[in-house]
Amino acid sequence: MNIITENERWARFVTPGDPDECWEWQGWRSPQGYGRFNIGGKQIPANRAAAIREGMDVRPGLDVCHTCDNPPCVNPAHIYVGTRSQNIQDCADRGRHPKQGLGERDWSAKYSDAEVADWKTRHAAGESFHSIARLYNAHMSTISRTVRGIQRRTQNV
């Protein structure tokens, strides 16, 4: 009986190239572009498998993030271990977050685009986040994060 090793299985789906190039997963990919690989009887994302195989400290609750913004990439030089919030912020910074740009059209939006525009105008004129929050009966962190473009990003506000 011929037993296939993990390294042999990995080699079926990954062709390493130059260290600065993306090494794209050649097996099955999710609609979002991420591959899957079986380690120890458990299927995990291929980029997570790459990090584990490289000896990165991939503890439960941590994400394996891409520096190249290419979901099928499994080049260890293009991935790093980070928190979920780091991964989401990285995604938003690159314009890939699914809620980015929805503004008041987002189902969870509590304030209109006009209100957010007013917050930004008031803050630019020197009004504090705390003062704006009191005026709109909002939490100060909501005002601060929205005005600074962290929490809600819109194209026209």
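Computed quantities for the displayed model
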{"item": "Region 1-46, residues that are of a type in the set (A, V, I, L, M) and within 18 Å of residue 64 (Cα to Cα)", "result": "14, 39, 44, 46"}
{"item": "Some residue of region 25-39 being out of contact with any His (no Cβ under 6 Å at 6 or more places or on another chain), closer than 16 Å to residue 80 by Cα and of a type in the set (Lys, Arg)", "result": "no"}
{"item": "Boolean, residue 51 is under 18 Å from the mean Cα position of the chain (by Cα) and either farther than 30 Å from residue 149 by Cα or in a loop (DSSP other than H, G, I, E, B) (or both)", "result": "yes"}
{"item": "Positions within region 68-96 being under 16 Å from residue 34 (Cβ atoms), touching a residue at least 24 places away in the same chain (Cβ under 8 Å), of a type in the set (A, V, I, L, M) and not in a strand (DSSP E or B), in sequence order", "result": "74"}
{"item": "Some residue of region 76-95 being among the hydrophobic types (A, V, I, L, M, F, W, C), surrounded by 14 or more Cβ atoms within 10 Å (Cβ to Cβ), closer than 30 Å to residue 152 by Cα and in contact with a helix residue (DSSP H, G or I) (Cβ under 8 Å, 6 or more places away or on another chain)", "result": "yes"}
{"item": "Selected residue (criterion: nearest to residue 143 (Cα to Cα)) from residues of region 69-103 that are modelled with pLDDT of 90 or more and among the hydrophobic types (A, V, I, L, M, F, W, C)", "result": "81"}
{"item": "Residue list for region 10-38, filter: out of contact with any Cys (no Cβ under 7 Å at 6 or more places or on another chain), in a loop (DSSP other than H, G, I, E, B) and surrounded by 15 or more Cβ atoms within 10 Å (Cβ to Cβ)", "result": "14, 25, 34"}
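The values are calculated or read from the model by the stated rules, or taken from the named source; none is laboratory data. What you see is a predicted model, and the numbers here were worked out from it, not measured in a lab. FYI the Cβ positions are ideal-geometry reconstructions off the backbone, even for glycines, and counts take in every protein chain you see.
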